[in-house]
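One structure is given below, encoded as structure tokens.
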Amino acid sequence: MKYDFDTVIDRRNTSSLKWNVKEEELPMWVADMDFQTAPEIRSAIEKRAAHGVFGYTDIPDAWYQAYIGWWQNRHNYTMEKEWLIFCTGIVPAISSMVRKLTTPAEKVLLQTPVYNIFFNSVLNNGRQVLESPLCYDGERYSMDFADLEEKLADPQTTLMILCNPQNPSGNIWDRQTLAAVGELCKKHHVTVISDEIHCDLVAPGCSYVPFASVSETCREISVTCVAPTKTFNIAGLQTAAVIVPDPVLRHKVWRGLNTDEVAEPNAFAVDAAIAAFTEGGSWLDALREYIWKNKETVKAYIAAHIPGVRVVDSDATYLMWLDCGAYYGAKCGAGAGNDDRSDEKHDADCAADISHFDLAGFIREKTGLYLSSGSQYGGNGAQFLRLNVACPNSVVLDGMKRLEAALRQ
């Protein structure tokens, strides 16, 4: 293999958020890869550092062309230069847009379970979260369009944050689904922010559909958030972009980002993004193959050793959504009908156990394996764990052994 993803890199004592844990603990929680970024990006950063002067940085034409070329070649989506606005990160951009595009106490719709920081961007800015739970059939998630329209029709709902591909489930929304979302949002005068940060982390042979590419309606009512940070593991460089085709909406977003001072790059943000989108393709292809081999490792291990856990089918992200409902069921007793409780009382007791029992905390306490608790993602997330497999395969196996050991207890 041209690129090395097998070597374990010691990230302890590097001020890493992910690895700020006890010596015996294994963090597989936050969406942060344990791989070095592409050599081409490292070379660009080293070249910039060698210059030795790190003053205020402007956005060159090469930055715009890097984004335009990547989305055209990789995702068959043509964008115009004027649609693009630099920002320091997707979360700061979303928080800024929540403030600019809504008024206090208005509702922002989230399809749950979903990336937990979306809740912060809404609630911390004095707006209300309106959840439209996704449907779960035991294998995959889908949208509940009846519930979605009911929530969008609320006059207080003025903004929807769409996760495409979906985090934490790893679902890739198809063109028909996205088109339906666009039509409903236009019908009810709701603007869409589409977070597409995981768009390049799809399974080999799979592709995602940019929301704004689906129809003229989707293009006119939306802002798309994109970045090289998740894909190339450079989140610490604070480099991202928003794509806003509609000129009126774009002006509002531009005003918000600049008012909040999140539209100016640091000295390395531009060069790193250009290198990623112009030279990082072969590294990414190798990474995608490796990540999906890791996912297959997890599936095989769970099938053989932890049959009580169900892995949700997914085609995107390096995160895995693990259904541990069987273990919560075991904790709250045998099934309904096997004791003196009525079905309704049994279900209520189980729901209480799920909401109060911290399975992720139990696993961490017993084995040191640090996973994300699904309860923070809303919806039916309380019975799930989120696992990050963007690490050497040997580490994945270590994590699986720890998970098995904890659940056997």
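Read-outs: derived from the displayed coordinates by stated rules, not from any lab. All values reported here derive from a predicted model rather than from experimental measurement. Counting neighbours? That spans all protein chains shown, and the Cβs are built from the backbone with ideal geometry, glycine included.
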Check your understanding: Sorted by average packing, counted as other Cβ atoms within 10 angstrom per residue and highest first, what order do 67-80, 260-273 take?
Key -> 260-273, 67-80
Review point. Which one of 135, 228, 162 is farthest out on the positive end of the charge dipole of segment 135-239, using unit charges on Cβ (Lys, Arg +1; Asp, Glu -1) and the Cα centre as origin?
Key: 228
Check your understanding: Which trypsin sites (Lys or Arg not before Pro) does segment 275-318 hold that lie in a coil by DSSP with at most 16 other beta carbons within 10 Å?
Key -> none
Review point. Remind me, relative contact order of the chain in percent, using alpha carbon pairs under 8 angstrom and six or more residues apart?
Key: 24 percent
Review point. Based on the alpha-carbon gyration tensor of segment 1-141 and its eigenvalue square roots a ≥ b ≥ c, which shape applies: rounded if a/c is under 1.5, prolate if not and a/b is larger than b/c, or oblate?
Key: oblate
Practice item. Collect residues whose amide H, placed 1.01 Å from N in the peptide plane, falls under 5 Å from the amide H of residue 162; neighbours closer than 5 in sequence don't count. Key: 193, 194, 195
Review point. Which FRET efficiency value, to the nearest 0.05, is calculated for residue 17 and residue 293 with the Förster distance at 35 angstrom and r the Cβ-Cβ distance?
Key: 0.85
Review point. For residue 394 and residue 82 in the same chain, what is the full-extension length gain: residue separation times 0.36 nm, less their Cα-Cα distance, in nm?
Key: 107.8 nm
Practice item. Let me have the 222 nm mean residue ellipticity of the chain computed from DSSP H runs of 4+ only, each contributing -39500 (n - 2.57), with the sum over all residues rounded to the nearest 500. Key: -13000 deg cm²/dmol
Point to revise | Cα-centred dipole magnitude for the chain, charges only on beta-carbon of K, R (+1) and D, E (-1), debye, nearest 20 | key: 580 debye
Point to revise | Over 30 Å (Cα to Cα) - which of 186/299; 299/366; 22/47; 2/22; 252/295; 151/366 fall in this group | key: 186/299; 22/47; 2/22; 252/295; 151/366
Exercise for review: Nearest 5 is fine: what % of DSSP beta bridges in the chain come out antiparallel, could you say?
Suggested key: 50 percent
Check your understanding: Within segment 116-150, which GluC sites (Glu not before Pro) sit in a loop by DSSP and count at most 11 neighbouring Cβ atoms inside 10 Å?
Key -> 139
Exercise for review: Please list the non-local residues whose amide H lies under 5 Å from the amide H of residue 370, H modeled 1.01 Å from N, same-chain partners needing a gap of 5 or more.
Suggested key: 26, 28
**Study point:** Taking segment 1-82 and dividing mean pair separation by its residue count, relative contact order in percent (alpha carbons under 8 Å, at least six apart)
**Key:** 15 percent
Point to revise | Length-normalised contact order for segment 189-273 - Cα pairs under 8 Å, 6+ apart - percent | key: 26 percent
Check your understanding: Residue by residue, what Karplus-based ³J(HN,Hα) values in Hz, rounded to whole numbers, does segment 36-53 have, using 6.51, -1.76 and 1.60 with θ = phi - 60° and x for Gly and Pro?
Key -> 5, 5, 4, x, 5, 6, 4, 5, 5, 5, 4, 5, 5, 5, 5, 5, x, 10
